[in-house]
Amino acid sequence: MLAALKNKQTYIRYWASLKYALYVLTHPMDGYWDLSHEKRGSLAAANTILILTLVARIANLQYTSFIFQAVYWEDINIFLYIASIVFPLALWCLGNWGLTTLFDGKGTLKNIYIATCYGMTPYPLFQFPLILFSNMVTVEEGAFYSVLNVISLVWCALWIFLGMMQIHEFSLSKNTLFTVFSLFAMLVMIFILLLFFSMISQGISYFISLGREIIFRM
């Protein structure tokens with residue numbers, strides 16, 4: 001009985017935190033403040049929004065009219081396509097957290113992740129209707145599709161920006177500065193990762209060549 005009650009309460013909290021994303025969508029300043037300070041958001045809801053975003057991206061490939069997006073599935077790697085969202089998200093959260101921690105940012109890594117995912121809410125909300133819309137319009141009417149698609153992306157970027165400003169309690173100018181620094185930190189991390197994997201690849205190639213040479217001489 002207690003376990004069932006606990007599960008029900010967990011389920012109610014999850015749905016409340018997920019529906020709260022709609023409040024953040026229309027009231028970003030108050031919404032993001034309560035998201036971090038009043039614990040209105042949750043990891044489960046953030047993960048759900050991320051999954052919906054990934055599903056929207058894949059559905060966009062599959063079902064958007066060929067007039068607006070021609071897809072050759074033999075050239076598509078779904079895992080790389082998913083990584084094109086998850087990997088930058090991870091780099092953004094780590095880069096922003098690493099920098100803001102050094103300069104009195106109030107947000108934790110968890111807060112940054114949740115706020116970023118909540119900021120991605122417009123994308124799935126726009127993309128699923130846009131997929132249907134793309135199959136109902138002509139090329140001449142395609143400008144409406146393109147404009148709405150851009151609006152969804154700009155909306156996400158702006159809401160993520162506002163989310164960082166609220167959870168870190170930064171001014172507009174300071175948040176702008178740290179947003180630029182965070183993007184630069186992402187590039188630095190990508191460079192370090194590429195350098196690391198390049199060194200690993202060269203090391204493996206060296207030992208393989210060395211092993212072949214030893215076998216050949218034996």
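Read-outs: derived from the displayed coordinates by stated rules, not from any lab. Please read these numbers as outputs of a predicted model, since none were measured by experiment. All Cβ positions, even for glycine, are placed from backbone atoms using ideal geometry, and neighbour counts span all protein chains on display.
Compared with the dominant Cα axis of the chain, that is its longest principal axis, helix 122-134 is turned about 90°.
Rounded to the nearest 20 debye, the dipole size of the chain about its Cα centre is 780 debye, using +1 on the Cβ of Lys and Arg and -1 on the Cβ of Asp and Glu. Between Asp75 and His27, residue separation times 0.36 nm minus the direct Cα-Cα distance comes to 13.2 nm. Taking the longest Cα principal axis of the chain as reference, the axis of helix 28-37 is set at about 70 degrees. Which entry in (i) 116; (ii) 128; (iii) 215 matches volume of the Cα convex hull per residue in Å³ derived from the coordinates of this structure? Given (i) 116; (ii) 128; (iii) 215, the structure-derived one carries the label (iii). Amide H to amide H, with H built 1.01 Å from N, Arg40 comes under 5 Å of Leu35, counting only residues 5 or more places away or on other chains. Relative to the longest principal axis of the Cα atoms of the chain, helix 142-168 runs at roughly 90 degrees. Here the gap between Gln202 and Phe103, fully extended at 0.36 nm per residue and compared with their Cα-Cα distance, gives a gain of 31.9 nm. With a Cα cut-off of under 26 Å and a minimum spacing of 8 residues unless on different chains, the lysine pairs in the chain number 14. Amide H contacts under 5 Å for Glu169: Lys106, restricted to partners 5 or more places along the chain or on a different chain, H placed in the peptide plane at 1.01 Å from N. Taking the charge dipole of the chain about its Cα centre, with +1 at Lys and Arg Cβ atoms and -1 at Asp and Glu Cβ atoms, the residue from Phe207, Thr138, Ser182 reaching farthest to the positive side is Phe207. Would you mind estimating how fast the stretch 150-218 diffuses translationally, via Stokes-Einstein at 10 °C and 1.306 mPa s with the Kirkwood radius over Cα pairs, in µm²/s? For the chosen part, D equals 100 µm²/s.
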